[in-house]
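Take a look at the structure set out below.
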Amino acid sequence: MSTTESEPTESTESTMRPAPTPTGGSADGPAADAARPNSRPARAATPFIPAFAAGRLSPADEERRRRLNRMKIIATGALVLMAIIFVIAFSLQERYPWLGYVRATAEAGMVGALADWFAVTALFRRPMGLPIPHTAIIPNRKDAIGSSLSEFVATNFLSETLVREKLAGFSVAKRLGEYLSRREAAEQATAELATAVRGISNVLSDDQVADLLESLARRKVAETKIGPPLGRIAAEVLERGDHHGLVDFVVDRCYEWIRDNYTAVSRVVSQRAPSWSPRFLDGFVADRIYNEVEAFALAVKTDPDHQMRQALDRFLAEFARDLQTDPATMDRADLIKDGIVANAEVRSLAASAWTSVKGMLLQAAEDPQSPLRRSVTEGLISFGRQLTEDSPLASKVDGWVADLAGYVARHHARSITGIIDETIARWDGEATSRKIELQVGRDLQFIRINGTVVGALAGLLIYTIAQLFLA
């Protein structure tokens, strides 16, 4: 005998209104429920409760309700028919003894119908409103049912073994490769990535990104000894002679300044001359010194092998070596680095860099013909072809996917299915019961009908055996 279902039309009424009693049942019995109109107001929607909890039914649910009502009328009609037949047979049994078979059949049919009505109704509410233990199972044990369902899904659908077997049945890499190999698919994927970039840029705050870049730059620079890498770079530059261009530039500027600033040089010499020195002698000395300085600067400028240049090369090479090996020089380099990093302009530089990068990304994302989007599309197509043509790569990707899915299933399956517990826990028990009844109630009515028929046949069989062997 079944253990599920509701009173004939109570579920269809309850989909449109709250339950009439604290226990959620009707006090009038199955026959009265079959004819009760849907006249009470709908329950107001509450946060985190589905729309069906407010009594708003979708067109599909409306159709389910009508079909459920029809089946309830048929099932209840079978019970009423058995009752009528029983009354008639019981009344005429003494006059017509053969009606004993009919009475036994109708009597057992009524028992079967009532028992299955009780069992089906007990799933969704308390039959006739009576506080009978282990009734109104769905409203009262909604959370436990949700937890059991969640555990069932986690165990039987998200187990690591099952997930790996399912993934082994088809190649994720091959399907992904076949998809990305098509240009229209790659362009669609690129467009989705561009949309994601725009969305991320809208979510991110420019100030927050600038602060993040600044803090990352400061921390990274603070953790790095600047002397050794700077010394190595300088040594490589000096070894290749790449610094000569800079030296030439500095020497040229120094010579040009000396050449064009005779008055400034003369004034310096005159100001440092003794007070007792004659003026004409000061002028003569200043001219001589200026000419020597100009000639020296010209010689440095025009002679690539000038001893001044060689001395500068030796100094720079020694300095590059000290940056890598001399603790005092490295510490001084770090002090200079810290002073530069502490400058307020670092944040401005970070903000400016982010603004520039963001602007370029957004501009490229908006333009389907931008070099960036074309490069991404071609890259996706190339990657798709590799996945379809390079079996070792495809196997490796499939292995990564299987390992990742297996890890998630092994460690987080219950967390994933936890949404079932949480969602059902937020549902109202009575509303959940009504919704489930709409989904399966029509099929459960066949249990009532079958109970009536099976009970009637069993009653006939028992009565017949009794008459043959016990009478």
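Per the listing V153, V203, the residue uniquely at pLDDT 85 or above, within 37 Å of the chain's Cα centre (by Cα), hydrophobic (A, V, I, L, M, F, W, C) and at negative phi is V153.
Residues in the range 113-137 that are more than 14 Å from I436 (Cβ to Cβ) and either part of a loop (DSSP other than H, G, I, E, B) or in contact with a strand residue (DSSP E or B) (Cβ under 9 Å, 6 or more places away or on another chain) (or both): R126, L130, P131, I132, P133, H134, T135. The condition of being part of a helix (DSSP H, G or I) and closer than 22 Å to E151 by Cα holds for only one of T417, T464, T452, that being T417. Taken as a whole, the structure places V376 among residues that are under 30 Å from E192 (Cα atoms) and surrounded by 16 or more Cβ atoms within 10 Å (Cβ to Cβ).
Selection of the range 342-364 for residues being closer than 14 Å to L213 by Cβ and either of a type in the set (A, V, I, L, M) or at pLDDT 80 or above (or both) yields V346, L349, A350, A351, S352, A353, T355, S356, V357, K358.
On the basis of being surrounded by fewer than 18 Cβ atoms within 10 Å (Cβ to Cβ), assigned by TED's automatic domain parsing to the domain that holds S370 and either in contact with a helix residue (DSSP H, G or I) (Cβ under 8 Å, 6 or more places away or on another chain) or not in a loop (DSSP other than H, G, I, E, B) (or both), does E165 make the cut? Here the answer is no, as E165 does not meet what is asked. Contact annotation: residue pairs with Cβ atoms under 8 Å, 6 or more positions apart or on different chains, pairing a residue in the range 396-414 that is touching a residue at least 24 places away in the same chain (Cβ under 8 Å) with a partner that is polar (S, T, N, Q) and surrounded by 15 or more Cβ atoms within 10 Å (Cβ to Cβ), are D398/S171; A409/S159; A413/S159; R414/S150.
Please go through the range 86-99 and pick out each residue that is surrounded by fewer than 18 Cβ atoms within 10 Å (Cβ to Cβ) and part of a helix (DSSP H, G or I). Across the range 86-99, the qualifying residues are V87, I88, F90, S91, L92. Mind listing whichever residues of the range 215-258 are under 52 Å from the mean Cα position of the chain (by Cα), in contact (Cβ under 8 Å) with a residue 24 or more places away in the chain and in a helix (DSSP H, G or I)? A217, R218, V221, A222, G227, P228, L230, G231, R232, A234, A235 - these are the residues of the range 215-258 that are under 52 Å from the mean Cα position of the chain (by Cα), in contact (Cβ under 8 Å) with a residue 24 or more places away in the chain and in a helix (DSSP H, G or I). Candidates A317, A353, A286, A299: the one that is surrounded by 12 or more Cβ atoms within 10 Å (Cβ to Cβ) and touching a His at 6+ places or on another chain (Cβ under 7 Å) is A299. Annotation: R442 fulfils all but one of (1) at pLDDT 90 or above; (2) buried (at least 17 other Cβ atoms within 10 Å of the Cβ); (3) touching a Leu at 6+ places or on another chain (Cβ under 9 Å); the unmet one is (1).
If you go through the range 196-205 and keep only what is free of Cβ contacts under 8 Å to residues at least 24 places away in the same chain and in a helix (DSSP H, G or I), you end up with A196, G199, I200, N202, V203. In this structure, is A186 of a type outside the set (S, T, Y), in the same structural domain as K435 (by TED's automatic domain parsing) and modelled with pLDDT of 90 or more? Spelling it out, it is not the case that A186 is of a type outside the set (S, T, Y), in the same structural domain as K435 (by TED's automatic domain parsing) and modelled with pLDDT of 90 or more.
The values are calculated or read from the model by the stated rules, or taken from the named source; none is laboratory data. All values reported here derive from a predicted model rather than from experimental measurement. Heads up, the Cβs are rebuilt from the backbone with ideal geometry, glycines too, and the neighbour counts pull from every protein chain shown.
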